[in-house]
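Working notes, structure below.
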């Protein structure tokens, strides 16, 4: 990977706060969060349920807008885009990997992977070519025509990873990507994700409550009660 590229700041959150109105009560999910994420970095946002990590993911992916603060991706001010522009931004730049796989049961593996490419304007032949290549990358050659019900949990998550990678997005968001997997499959899936994003020079943001998953990241940001508690690179100690 290009050393210069890994030094570039791809995404920056500046003093981001997110509040929700729930009846007569105001709930603060994130409070004054500032963070820089570099291109090519694998970052893990680690926190318990209710810590604010899912809100962070939604804001960083442009699925929600902050109450206060700025979110910048490259030279784009994400929080200022309207819904149509945000949808276009996600189509071109963002891939998602989900805990529950989110595969359509009536479609084959190759059809599931190819589906998001429809919204990027790719022709049918090109979509299938990219989908088959992505499935090969995640070790599913020969299983392209299987439906989700014919696959194990680990295989389904590999399809989910292939779907996220097929469009070569700059940003990948993984929301509890191993939450439904056993420990051995978790290790395999995390190793696969690490290898594939490093090969493509992509930026991966993992949201999880699992410290084992965090061990695959270059950097772990611990969040609690909507605030950043610590921000450490791999190998750093508390003293550092």
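In this structure, residue 90 does satisfy being touching a strand residue (DSSP E or B) at 6+ places or on another chain (Cβ under 9 Å), assigned to a helix (DSSP H, G or I) and under 30 Å from residue 77 (Cα atoms).
Do we have residue 45 as modelled with pLDDT of 95 or more, part of a strand (DSSP E or B) and under 24 Å from residue 178 (Cβ atoms) here?
yes
Name the residue, out of 225, 175, that is in contact (Cβ under 8 Å) with a residue 60 or more places away in the chain, touching a strand residue (DSSP E or B) at 6+ places or on another chain (Cβ under 9 Å) and surrounded by fewer than 17 Cβ atoms within 10 Å (Cβ to Cβ). Selected residue: 225, the only one of 225, 175 that is in contact (Cβ under 8 Å) with a residue 60 or more places away in the chain, touching a strand residue (DSSP E or B) at 6+ places or on another chain (Cβ under 9 Å) and surrounded by fewer than 17 Cβ atoms within 10 Å (Cβ to Cβ). Within segment 124-138, the residues that satisfy the criterion of being surrounded by fewer than 15 Cβ atoms within 10 Å (Cβ to Cβ) and within 26 Å of residue 187 (Cβ to Cβ) are 133, 136.
I'd like to know if segment 120-140 contains one or more residues that are at pLDDT below 95, closer than 24 Å to residue 58 by Cβ and in contact with a strand residue (DSSP E or B) (Cβ under 9 Å, 6 or more places away or on another chain). Checked against the condition, which is being at pLDDT below 95, closer than 24 Å to residue 58 by Cβ and in contact with a strand residue (DSSP E or B) (Cβ under 9 Å, 6 or more places away or on another chain), segment 120-140 yields no hits at all.
Only residues that are touching a helix residue (DSSP H, G or I) at 6+ places or on another chain (Cβ under 8 Å), surrounded by fewer than 21 Cβ atoms within 10 Å (Cβ to Cβ) and not in a strand (DSSP E or B) were counted across segment 23-40, and they come to 1. Out of segment 61-79, which residues are assigned to a loop (DSSP other than H, G, I, E, B) and either under 16 Å from residue 10 (Cβ atoms) or touching a strand residue (DSSP E or B) at 6+ places or on another chain (Cβ under 6 Å) (or both)? Matches in segment 61-79: 61, 62, 66, 67, 74, 75.
When only residues in segment 108-123 that are part of a helix (DSSP H, G or I) and free of Cβ contacts under 8 Å to residues at least 40 places away in the same chain count, which is surrounded by the fewest Cβ atoms within 10 Å (Cβ to Cβ)? Per the criteria, the residue is 118.
For segment 226-240, a tally of residues being on the phi > 0 side of the Ramachandran plot and at pLDDT 95 or above returns 1. Within segment 179-204, restricting attention to residues that are touching a residue at least 60 places away in the same chain (Cβ under 8 Å) and crowded, with 19+ Cβ neighbours inside 10 Å, the residue that is nearest to the chain's Cα centre (by Cα) is 204. Checking the stated criteria, residue 47 turns out to be farther than 29 Å from residue 168 by Cβ and either crowded, with 22+ Cβ neighbours inside 10 Å or touching a residue at least 60 places away in the same chain (Cβ under 8 Å) (or both).
The values are calculated or read from the model by the stated rules, or taken from the named source; none is laboratory data. Everything numeric in this text was worked out from a predicted model, so none of it was measured. Don't worry about glycine lacking a Cβ; one is built from the backbone with ideal geometry, like all the others, and counts go over all protein chains shown.
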